[in-house]
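First the structure, in the form of structure tokens, and then the observations on it.
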Amino acid sequence: MSVKVIVGAQWGDEGKGKVVDMLAEQSDVVARYQGGANAGHTIIVGDRKYVLHLIPSGILHPHVTCVIGNGVVIDPDALMEEIRLLESFGIEIGGRLKISHKAHLIMPYHKLLDQLQESDQKIGTTGRGIGPSYIDKYNRTGIRIVDLLDRDGLAQKLRRSIEQKNQTFRKVYDAPELDVEKTIAEYVEFDRRIDGYITDTTAYLNEAWRSGQRIVAEGAQGALLDIDHGTYPFVTSSSPTSGGACTGLGLPPTAISEVIGIAKAYCTRVGNGPFPTELVDETGEKLRRLGAEFGATTGRPRRCGWLDLFALRYSAMINGITEIVLTKLDVLSAFEELKVCTGYELDGRPVKYFPSDCSTLDRIRPVYQTLPGWNQELTGVERFEDLPEATRRYVEYIEEVVGARVGYIGIGPEREQVVVRGL
Ligand code: IMP
């Protein structure tokens, strides 16, 4: 048995939550490997809508064990709120949630810094403290879950960190300082509440893998927001690409057998940064309205545009995508014709590789292919063969350009609204 990695193949919000929920049914373990409460994974079951920010999207299946891996940055407030919410829906978390003792914590000063830095940087972050927490991790000054187990040591580390950050608040931002003792008390209380979940998840996952359990590694955000491979600096501060699954969980690359790339049938982006196929017109507005494209975490309207196959091919390359799940195809049902971007031109010449700098990305011109729309509802279709011909053509065109097979097609928000394409 081996590990399936689920990656967002675009700029996030591709619908990973629903896909992980679907795959969890035939899995034993679902493990989140990076990011934090900046993610918003939406799952709709009947008349209930669950938005998960930290807990893996497998939690709705009672037989699945959920892991928050070492690569995730954990906001205690967000985690406790999520546990409370799930329990209020009658979902038993108990022994099914395991939190890595090596995961880093998000502190109140990280959230504050994230928001203050936005006034100069304008990345358009979610303001959840993600970047500042990863900065401390790589600066080797972060506070980890394991630190919670040593109360005295924790108080000492926290005092040092808060005092240092307070200087920044005072001197750089002229902002109010944090109360050291209050913060220490909050984190001690957090430890009391999550103590039972703390696990050596690296050992747990490796044993699960070796004993033949079926593991899904769940990525958050998307490949084009990757700190190394995304549209830097307009990226998140972690590695959503498939490589991040190994470092973020402690599973070896040899454990991975499949990389499932989730791609929306069009493109969206939240926050700032290059978006070559963006539509700032009525068509973009229509996509936003029909696709309900508003952030699950921040509620911000998402920028919308045509499907960018040039970027998707790049994403397939860096992730090693073995299969694509195409989501929200039903949203395109109301369009007469559809454009897909097949390449970029720079100064009239074709661009060979996805550009690595924003100034080039701002100057490129997308090259489009126009495909016929299908002008027909897809609701209720169960088999690929029963989709309208133009819909099938759209899917097959994606496969041709990207060079990966589309195995599942999302045709509505409900759990069941998926066309599973047989082999
Ligand atoms: P951060 O992750 O909050 O630091 O934000 C950095 C960039 O990533 C911003 O453009 C955010 O809008 C974007 N981002 C972060 N998380 C998500 C997500 O889950 N979906 C889509 N975009 C995200």
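Mean sequence separation of contacting Cα pairs (under 8 Å, at least six apart), scaled by the length of the range 104-194, corresponds to a relative contact order of 25 percent.
Mind jotting down a quarter of the surface of the convex hull over the alpha carbons of the range 1-71, in square nanometres, one decimal?
5.0
The range 207-264 and the range 42-82 have Cα centres spaced 17 Å apart. Neighbours of Pro366, meaning other residues whose beta-carbon lies under 11 angstrom from its beta-carbon, give a summed charge of -1 when Lys and Arg score +1 and Asp and Glu score -1.
Note on Ile227: accessible area approximately 60 square angstrom, rounded to 10, probe 1.4 Å, nucleic acids and ligands left out. Normalising by residue count, the range 104-194 has a Cα convex hull of 92 Å³ per residue.
Counting only DSSP beta bridges with both residues in the range 261-420, the antiparallel share comes to about 65 percent.
For the residues Ala31, Ala263, Ala334, a GNM of the chain with alpha-carbon springs under 10 Å puts the largest fluctuation on Ala334. At an R0 of 60 angstrom, the distance between the Cβ atoms of Arg383 and Asp195 translates into a FRET efficiency of 0.75. Computed on the range 261-420, with alpha-carbon pairs under 8 angstrom and 6+ residues apart, the relative contact order is 26 percent. Ranking Ile194, Val172, Ser161 by Cα position along the charge dipole of the range 145-208, where only Lys, Arg, Asp and Glu carry charges on their C-beta atoms, puts Val172 farthest toward the positive end.
Using only side-chain charges placed at the Cβ, +1 for Lys and Arg and -1 for Asp and Glu, the dipole size of the chain relative to its Cα centre rounds to 660 debye. At q = 0.17, 0.18 Å⁻¹, what is the log10 ratio I(q)/I(0) for the range 1-152, with the Debye formula run over Cα points and no solvent? Evaluating at q = 0.17, 0.18 Å⁻¹ gives log10 I(q)/I(0) of -1.04, -1.14. Legend: Rg and Dmax of the range 261-420, from Cα coordinates, 15.4, 46 Å.
At an R0 of 45 angstrom, the distance between the Cβ atoms of His63 and Arg300 translates into a FRET efficiency of 0.80.
Over the range 97-253, consider all pairs of different Cα atoms and compute the Kirkwood hydrodynamic radius from their mean reciprocal separation; express it in Å, one decimal.
About 17.3 Å for the range 97-253.
Where only DSSP H runs of four or more residues are counted, the chain gives -10000 deg cm²/dmol as its mean residue ellipticity at 222 nm, each run worth -39500 (n - 2.57).
Taking the longest Cα principal axis of the chain as reference, the axis of helix 180-194 is set at about 70 degrees. Under the simplified labelling scheme, the Val280-Lys122 pair shows an inter-label distance of 1.2 nm, with each label point 7 Å from Cα along Cα→Cβ.
Seen from Cys66, the other residues with C-beta closer than 12 Å to its C-beta sum to a net charge of -2, counting Lys and Arg as +1 and Asp and Glu as -1. What you get for the range 104-194, charging only the Cβ of Lys and Arg (+1) and of Asp and Glu (-1), is a dipole of about 220 debye around the Cα centre.
Dimensions of the chain along the principal axes, based on C-alpha atoms and rounded to the nearest Å, stand at 66, 49, 40, largest first.
Solvent-accessible surface of the chain, averaged per residue with a 1.4 angstrom probe and all protein chains in place: 42 square angstrom.
Accessible area of the chain with a 1.4 Å probe: how many percent of it is carbon plus sulfur?
Working: 8730 of 17870 Å².
Using a 1.4 Å probe with all protein chains present, the chain comes out at 49 percent carbon and sulfur.
The values are calculated or read from the model by the stated rules, or taken from the named source; none is laboratory data. Being a predicted model, the structure only gives us computed values, none of them experimental. For neighbour counting, all protein chains shown are included, and Cβ atoms are generated from backbone atoms with ideal geometry for every residue, glycine included. Accessible surface is based on the protein model in full, side chains and every heavy atom, while ligands, DNA and RNA are left aside. Shrake-Rupley method; radii C 1.70, N 1.55, O 1.52, S 1.80 Å.
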